[in-house]
Amino acid sequence: MKKNNANLKPATLCVHAGGYHDAATGAVTTPIFTASSYACPNPSGQNIYQRYSNTPNQRAVAAKLAALEQGGDALVFGSGMAAITTVLFALLEPGDHAVFQEDLYGGTYHFVAAELTQFGVEVSFVKANGDFAAQIRPATKLIFVESPSNPLLRCVDLAAIAALGKARGLLTVIDNTFATPINQNPLATGLDVVIHSATKYLNGHSDLNAGAVIASGEIIARIRPFAVNHGGMLDAHTCYMLERGLKTLALRVERQNENAGKLARWLQKHPAVARVNYPGLPDHPDHAVAARQMRGFGGMLSFELRDAAQAGAALGRFQLATAAVSLGGVETLVTSPAKTSHVKMTAAERAAVGISDALLRVSTGIEDADDLIADFEQTLAAK
Ligand SMILES: *Cc1c(COP(=O)(O)O)cnc(C)c1O
């Protein structure tokens, strides 16, 4: 980047931070360097190899992410799960204990509960608004949260988690996928590590899988050897795609924040809707926390129909929105958590965590809000 990052706003960083400026041609975008290996020695003084995550395309997109999350350094991965598993293997060892938020992304939950524990790491789970401090033991090394959470958009008090981590000498890690760096910068609040499924908002076009980890240079230096050996790096072509997607992140997220807010307020008044979960609504249980720590309330919301039997049929009636898993793209997607992300739980387990068969989750896209609302109107009106 030509200028110092220090005073630049997120929308400017999306366009100008990171990148690779090709002196030979003056190309205004990063060229795609397809080489897996580079002559040694080369002017960088490094042994450059794609699995080491130090090629020009990997560094270009990592530098943009570090600037956006206000971190010292970043690593990009082939998926969000590659980022999550690599961070946990790097920062925990046998005999350690870690405290996890209970309502995590399903893949993270299953990895932590069924696989991480095979390596001698003990884990405890706490509700989003629960007492994290009460679970800390002498062997505890790390706290892992996800805010807002899926699918009820619960928000964890990040300043409190950061303070707890500092007071007890624990690393604090957050999956910031739902919020994006446009709405929330946990490192600035004092957390140590930010993880993203870049598959979602960061890329924003539902056409690749990627992950990212942003932290201080010191913590990234601890994670890097595990990233190298676990091998889950991101290839040059996908790095280029992700870098291109990130240039419009601020624009997209601002529209998604706006659309989700309008849709949430409209749904709240609809007679077929029993409840709307959106942190931007004053009646959301974590509205005050969200208002304190988020610049925007995000593009994700969920709502419960009065008649659970209508939920499946409603999914089939959308004309603009698509019934599909995943989130964060330019197109609006709707899912039934009970049938997708939480299908492995029993109905009683789902009820205990507040996920009924009548619940639908919406990832709001960048369409015109009136068109979106009209689609929800025809969907909810039909019987
Ligand atoms: C999708 C998702 C992941 C996993 O990311 P992949 O890119 O699919 O591996 C992790 N956390 C959250 C919150 C997600 O939404």
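Which one of these is farther than 25 Å from residue 242 by Cβ and part of a strand (DSSP E or B): 315, 320, 301?
Criteria check complete, one pass: 301.
Can we say residue 355 is touching a residue at least 60 places away in the same chain (Cβ under 8 Å) and either more than 15 Å from residue 303 (Cα to Cα) or open to solvent by 20 Å² or more (accessible area, probe 1.4 Å) (or both)?
Criteria not met by residue 355.
Please specify each residue of segment 213-238 satisfying the condition of being part of a loop (DSSP other than H, G, I, E, B) and either within 17 Å of residue 80 (Cβ to Cβ) or β-branched (Val, Ile, Thr) (or both).
Answer for segment 213-238, where residues must be part of a loop (DSSP other than H, G, I, E, B) and either within 17 Å of residue 80 (Cβ to Cβ) or β-branched (Val, Ile, Thr) (or both): 231, 232, 234, 235.
I need the full set of residues from segment 338-383 which are part of a helix (DSSP H, G or I), farther than 24 Å from residue 256 by Cβ and within 24 Å of the chain's Cα centre (by Cα), in order please.
Those that are part of a helix (DSSP H, G or I), farther than 24 Å from residue 256 by Cβ and within 24 Å of the chain's Cα centre (by Cα): 350, 353.
State all residues of segment 30-39 that are open to solvent by 70 Å² or more (accessible area, probe 1.4 Å) and touching a residue at least 24 places away in the same chain (Cβ under 8 Å); if no residue qualifies, say none.
Selection gives 32, 34.
Residue pairs, Cβ under 8 Å, 6 or more apart or interchain, first in segment 291-319 and farther than 24 Å from residue 147 by Cα, second open to solvent by 50 Å² or more (accessible area, probe 1.4 Å) and among the polar types (S, T, N, Q). List them.
Taking only residues 6 or more apart or on different chains, the pairs are 317/378; 319/378.
Only one of 190, 232 is over 16 Å from residue 299 (Cβ atoms), away from the ligand (no atom under 15 Å from the Cβ) and over 17 Å from the mean Cα position of the chain (by Cα); which?
190
Of 209, 203, which residue is in contact (Cβ under 8 Å) with a residue 12 or more places away in the chain, of a type outside the set (Ser, Thr, Tyr), open to solvent by 20 Å² or more (accessible area, probe 1.4 Å) and part of a loop (DSSP other than H, G, I, E, B)?
Being in contact (Cβ under 8 Å) with a residue 12 or more places away in the chain, of a type outside the set (Ser, Thr, Tyr), open to solvent by 20 Å² or more (accessible area, probe 1.4 Å) and part of a loop (DSSP other than H, G, I, E, B) holds for just one of 209, 203, which is 209.
Say whether the condition of being surrounded by fewer than 22 Cβ atoms within 10 Å (Cβ to Cβ), polar (S, T, N, Q) and on the phi < 0 side of the Ramachandran plot is met by at least one residue in segment 55-74.
No, that holds for no residue.
Considering each of 42, 47 in turn, give the residue that is over 23 Å from residue 141 (Cα atoms), free of Cβ contacts under 8 Å to residues at least 40 places away in the same chain, assigned by TED's automatic domain parsing to the domain that holds residue 227 and touching a Cys at 6+ places or on another chain (Cβ under 6 Å).
One residue alone meets the criteria, 47.
The values are calculated or read from the model by the stated rules, or taken from the named source; none is laboratory data. Since we're looking at a predicted model, the values are computed, not measured. All Cβ positions, even for glycine, are placed from backbone atoms using ideal geometry, and neighbour counts span all protein chains on display. For accessibility, only protein heavy atoms count, side chains too; no ligands or nucleic acids. Shrake-Rupley method; radii C 1.70, N 1.55, O 1.52, S 1.80 Å.
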